[in-house]
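Following: one structure in structure tokens, then a few remarks.
The values are calculated or read from the model by the stated rules, or taken from the named source; none is laboratory data. Since we're looking at a predicted model, the values are computed, not measured. Here the Cβ positions follow ideal geometry from the backbone for every residue, glycine too, while neighbour counts run over all protein chains shown. Ligands, DNA and RNA are excluded from the accessible area calculation, which covers all protein heavy atoms including side chains. Shrake-Rupley method; radii C 1.70, N 1.55, O 1.52, S 1.80 Å.
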Amino acid sequence: MTETTIDSPTTPGTEVKDENYQSIWGYLRELEFRQGFLDVDGVRTRYAEAGSSNKPHVIMLHGTGGHWETFASNLSALSEHYHCIAVDLIGNGFSDKPDYDYEIAVYVRQVLAVLDLFGIAKSHFIGMSLGAWVSAAVAVEHPSRVDKLILMSPAGLVATASNMARIRAERTAAVENPTWESIHKVFEHLIADEARRLPDLIALRQAIYQREDTRTSIEHLLILQDADARDRNLIPEEKWATITAPTMIVASGKDHGEYQSTARTVARLIPESEIFEMADVRHWPHFEDPASFNPAALEFLGRGMSASGHTSDRDAVDE
């Protein structure tokens, strides 16, 4: 029997104070939801589901090294109107981490299989960073499966050597030495406001990075930070321009320049797109400022809905 030890939060600014304590359970405590695992082509895939399956569907995809809890502050608001499924992508979170590289086609196959297992023909997609890249790839390659897109901190158009090196160094260091301080350093690049770098989020990521399967699969996870792999997975401008799904792109004002540039370029390329400005947030806009993101997402997704409130047919089959 093995035992996992979680370090105490000693990083300055992360001390727990009763009067302003925040937790992901503050968002989930009154939400009716379930967490489960699906067998997706032999890969045990973790997910969270909220909202009636009779409502329009929303698939929610996290970024590199992430997990479904990045959407903890959004599930309650969105599931009032939508059937929400947040997935731990293959090689991430508490999903299986098989011994092969996780390139975009691998993620796309997993997401489509999740849709099929739930009997969903068409869904809205909300993706951040890597999740935005995967969502866009689904929209390019399987347009009949996508209703609307919300892309946050989008990746997949360009890749600078400096940003790839930063991500690789930061994540490798955190996995090799998963102390509270090293995990907190990861979140410094994800969330601008120290108060929103919640201790239980850091503890959750620490538990993931302490897993043996995370340590042995980190090179597979970071394959997209290698120049050759990145180049063959990037979506060229002409393909972004073929996306027909209405798209809301979140521009995070404190994010790395590469993501801000990509957000505005992608907005120019996708014919039916719009930008939602969030000036004071970093890489996780939906988590850092849910009070702004949730109403904007609901307004965008609800625009043009049919009188029945449904936008997809669960019995239809992909092309």
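Listing for the model above:
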quantity: Förster radius 22 Å - calculated FRET efficiency between residue 166 and residue 261 (Cβ-Cβ, nearest 0.05); calculated: 0.90
quantity: Loop-located chymotrypsin sites (Phe, Trp or Tyr not before Pro) in the range 59-158 whose Cβ has at most 15 other Cβ within 10 Å (DSSP); calculated: 100
quantity: Å² of accessible area per residue within the range 25-131, as computed with a 1.4 Å probe and no ligands counted; calculated: 33
quantity: Additional length obtainable on full extension of the chain from residue 141 to residue 274, 0.36 nm per residue less Cα span; calculated: 45.7 nm
quantity: Distance violations [Cα-Cα > 24 Å] among 185/254; 97/148; 55/148; 97/122; calculated: 97/148; 97/122
quantity: Sulfur and carbon atoms: percent of accessible area, the chain [1.4 Å]; calculated: 50
quantity: Residues of the range 220-279: accessible area per residue with a 1.4 Å probe, Å²; calculated: 44
quantity: Length released on extending from residue 20 to residue 35, taking residue separation times 0.36 nm less the Cα-Cα span; calculated: 2.6 nm
quantity: Residue of 129, 73, 144 that the Gaussian network model of the chain assigns the largest fluctuation, springs spanning Cα pairs under 10 Å; calculated: 144
quantity: Acute angle (nearest 10 degrees) that the helix 199-209 long axis makes with the longest principal axis of the chain, alpha-carbon atoms; calculated: 90
quantity: CD proxy at 222 nm, helix term only [per DSSP H run n ≥ 4: -39500 (n - 2.57); per residue of the chain; nearest 500]; calculated: -11500 deg cm²/dmol
quantity: Derived scalar couplings ³J(HN,Hα) [the range 215-227; Karplus, 6.51 cos²θ - 1.76 cosθ + 1.60; whole Hz; x for Gly, Pro]; calculated: 4, 7, 10, 4, 5, 5, 5, 8, 4, 6, 8, 8, 4
quantity: Dipole magnitude (debye, nearest 20) for the chain, charges at Cβ of Lys, Arg, Asp, Glu; calculated: 300
quantity: Residues whose placed amide H lies under 5 Å from that of residue 64, excluding near-sequence neighbours; calculated: 130, 131
quantity: Simple label model, 7 Å out from Cα along Cβ direction - residue 231 to residue 193, nm; calculated: 4.2
